[in-house]
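The structure appears right after this line, and notes come after that.
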Amino acid sequence: MSLPIAEIGEVLNLRNISPDVWDMDVHSPRLAPLAQAGQFVHIRISDRFIPFLRRPLSIGPIDKDVIKLIFIVRGEGTRLLAAKSPGDKIDLIGPLGMPFPMPSDDTLAVLVAGGIGIAPLLLLNQSLPKAVDRLFLLGMRSLKNTPVDLKYAALFNLQLATDDGSAGFHGNVVDLCSQMLKGQQARNINIFACGPVPMLAKIKDIGVTLGVPTYLSLEVPMGCGVGACQSCAVECADGSGYNLVCRDGPVFEAKDIILPRV
Amino acid sequence: MIDTSIQMGGLAFRTPLLTGSGTFGYGDEYRTLIDYSAFGGIITKSISRLPRPGNQPPRICETQLGGLLNSIGLANPGVEVFIADKAQILPFDATQVFISVVGDAVEEFVSVVEKLEFVPAVSGYELNLSCPNVQKGGLSLGGDKDAVAEITRACRNVTKRFISVKLTPHHALVAPLAEAAAAAGVDALTMTNTLVGMVIDAETRRPKLGNVTGGYSGPPLKPVSLAKVWQAAKAVSLPIWASGGITCGLDCIEFLLAGASGLQLGSVLFADPYAPTRILREMSEWCEKRGVKKLSDLIGQLKT
């Protein structure tokens, strides 16, 4: 894994995918070739320090020198990010954190995304060896809240789950995941998930029940992003203290951590 | 070319810029990202005698108007692990290296300093007598001038190296604490630590920090720390290290005028780790425009 670098990227494209969800393509020729699936970039939001902190965003799919970021407008920081225009410079630190481990060729990789949690899984899907079979599941409240252009659904054989039944499986993505894994127990399965904590908790349960390696990508409040401030702590399952999401994660094997309280 | 060098307590600093303890880890985390040459010195995250896991998360949140609240809780691996893991990589780019030392009792401070005396790259210590995020030690010791004097004197007895004492902003009267530390033989005072604050999420009816309260830092703190620096500089003739709210060169000039000799960059590094180089440039430009040849000529030049 390479050490993080500082790069001033350039916003190439910014699209409003669905209400509050944005997709930003950033030209970052030095950082993009170093990035591995599951890693993140730490983005400077305001030159005036309001809001104060950088925002960590998972690195989405990469096209040569261009990384895709997917984010939801939740507060002032992401609102300012969504207000950028093509040609704007963007101050990035990355790639940061530990990536998803690569499964062996005989593995069935099960990628489970909740909403914008799909971003690192799109890069994982892109990075997995061709020989690896995969199931790629995406859950969302409704088709109108999609975090991605639905052309991906066809391209990647993305299986959708919607709470309101507006597309794909009517129900949550965890139930879809359980259903699709029935009858697959004989296979060598790895689960990779990113999404809201309640979803990750249930995916962890599935992994425990099946006894399969389960990797979760976490999002928590973060300061420096490089392991200096120790703000982004997550409790170790063995009682030994805390791991840092920025340095030891954001990808953790589910059995190693206690998920943050929601 | 502006002369940015500062002499303090027998040590030469190539610039007055220092890192605020807790914001720059143990010094190596940023090594591939930034140029360390703008720093006169680095102050590490606080080290205790035994490992401390730190506080329950969440440990950080933003406040309105560009402030920051943290409750890390002095998470650190303990002095022995620190020496084993980090001592070899000190110092970075020939800056002065200060180890922030914390403890629950006098003996703990002394024990940590004694162990660090064997690390040759260490220039000195900053005694953290003001952490707002722990039950014992920290604020509860740092608010008592007799405790400040006792801890400082005990550490002074086991080291000839540079010592600064980081004081609390919570006391209305700076002078008694500053005088107590000065009489006990410190080389500098750090003014100051974070203020105790809290942020509440009305929707969930929960505090935003796992520890409920935390230390308030960032640009909104600057007027408080400017006042503490000025008060300390009036009370004692020691160098003062300013800490609290610095984000730009003009902030630094103001702190120098108020009486600071060292300028700690803290929270600003999270948003802008390149701040040291920028701030040094901004200070130099300010001085060049006004015919100031040496940064040290500005120290304590406030007209009141």
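The values are calculated or read from the model by the stated rules, or taken from the named source; none is laboratory data. Here the structure is a predicted model, which means the values were calculated and not measured. We place every Cβ from the backbone using ideal geometry, glycine too, and count neighbours over all the protein chains shown.
For first residues located in the range A:230-242 and under 26 Å from B:LEU269 (Cβ atoms), partners that are surrounded by 22 or more Cβ atoms within 10 Å (Cβ to Cβ) and among the polar types (S, T, N, Q) and lie 6+ apart or on another chain with Cβ distances below 7 Å form the pairs A:SER231/B:ASN70. Do we have any residue at all in the range B:226-237 that's more than 26 Å from B:ARG153 (Cα to Cα) and not hydroxyl-bearing (Ser, Thr, Tyr)? Checked the range B:226-237: at least one residue is more than 26 Å from B:ARG153 (Cα to Cα) and not hydroxyl-bearing (Ser, Thr, Tyr). Within the span defined as the range B:85-102, one or more residues are of a type outside the set (Asp, Glu) and under 18 Å from B:ARG153 (Cβ atoms).
Are any of the residues in the range B:40-52 within 9 Å of chain A (Cβ to nearest Cβ), surrounded by fewer than 20 Cβ atoms within 10 Å (Cβ to Cβ) and over 20 Å from the mean Cα position of the chain (by Cα)? Within the range B:40-52, one or more residues are within 9 Å of chain A (Cβ to nearest Cβ), surrounded by fewer than 20 Cβ atoms within 10 Å (Cβ to Cβ) and over 20 Å from the mean Cα position of the chain (by Cα). State yes or no: is B:ILE253 more than 24 Å from A:GLY223 (Cβ to Cβ) and at pLDDT 95 or above? Judged against the criteria, B:ILE253 is a match.
Does the range B:281-300 include one or more residues that are modelled with pLDDT of 95 or more and within 24 Å of A:MET222 (Cα to Cα)? Checking the range B:281-300: not a single residue is modelled with pLDDT of 95 or more and within 24 Å of A:MET222 (Cα to Cα). For the range B:162-206, the set of residues classified as part of a strand (DSSP E or B), free of Cβ contacts under 8 Å to residues at least 60 places away in the same chain and over 29 Å from B:VAL119 (Cα atoms) consists of B:ILE200, B:ASP201, B:ARG206, listed by residue number.
Residues in the range B:8-40 that are touching a Ser or Thr at 6+ places or on another chain (Cβ under 9 Å) and at positive phi: B:GLY9, B:GLY22, B:GLY25, B:GLY27. Here B:VAL106 meets each of (1) within 14 Å of another protein chain (Cβ to nearest Cβ); (2) surrounded by fewer than 21 Cβ atoms within 10 Å (Cβ to Cβ); (3) at negative phi with one exception, condition (1).
The condition of being within 12 Å of chain A (Cβ to nearest Cβ), assigned to a helix (DSSP H, G or I), crowded, with 24+ Cβ neighbours inside 10 Å and not hydroxyl-bearing (Ser, Thr, Tyr) holds for only one of B:PHE255, B:PHE270, that being B:PHE270.
If you go through the range B:233-254 and keep only what is under 21 Å from B:GLY218 (Cβ atoms) and more than 14 Å from the chain's Cα centre (by Cα), you end up with B:THR247, B:CYS248, B:GLY249, B:LEU250, B:ASP251, B:CYS252, B:ILE253, B:GLU254. Scanning the range A:201-253 for residues that are small (Gly, Ala, Ser), within 13 Å of chain B (Cβ to nearest Cβ) and not in a loop (DSSP other than H, G, I, E, B) returns a single hit, A:ALA233. The set of residues in the range B:145-160 being in contact with a strand residue (DSSP E or B) (Cβ under 9 Å, 6 or more places away or on another chain), over 16 Å from B:THR190 (Cα atoms) and either of a type in the set (A, V, I, L, M) or outside any helix (DSSP H, G or I) (or both) consists of B:THR159 alone. When the range B:17-34 is filtered for residues that are closer than 20 Å to B:GLN88 by Cβ and more than 7 Å from every other protein chain (Cβ to nearest Cβ), the ones remaining, listed by number, are B:THR19, B:TYR26, B:GLY27, B:ASP28, B:ARG31.
Can you say whether A:ARG30 is over 24 Å from A:MET140 (Cβ atoms), within 14 Å of chain B (Cβ to nearest Cβ), modelled with pLDDT of 95 or more and surrounded by fewer than 17 Cβ atoms within 10 Å (Cβ to Cβ), as far as the supplied structure shows? Criteria met by A:ARG30.
Is it the case that the range B:221-244 has a residue that's buried (at least 19 other Cβ atoms within 10 Å of the Cβ), touching a residue at least 24 places away in the same chain (Cβ under 8 Å) and under 30 Å from A:ARG261 (Cβ atoms)? Yes, that holds for at least one residue. Any chance the range A:175-197 includes a residue that's within 14 Å of chain B (Cβ to nearest Cβ) and either part of a helix (DSSP H, G or I) or touching a Ser or Thr at 6+ places or on another chain (Cβ under 8 Å) (or both)? Yes: the range A:175-197 contains one or more residues that are within 14 Å of chain B (Cβ to nearest Cβ) and either part of a helix (DSSP H, G or I) or touching a Ser or Thr at 6+ places or on another chain (Cβ under 8 Å) (or both).
Might you let me know whether the range A:106-116 holds any residue that is at pLDDT below 95 and over 20 Å from A:LEU210 (Cα atoms)? No, every residue in the range A:106-116 fails to be at pLDDT below 95 and over 20 Å from A:LEU210 (Cα atoms). Here A:PRO147 fulfils each of the conditions (1) assigned to a helix (DSSP H, G or I); (2) within 14 Å of A:ILE70 (Cβ to Cβ); (3) not aromatic (Phe, Trp, Tyr) apart from (1).
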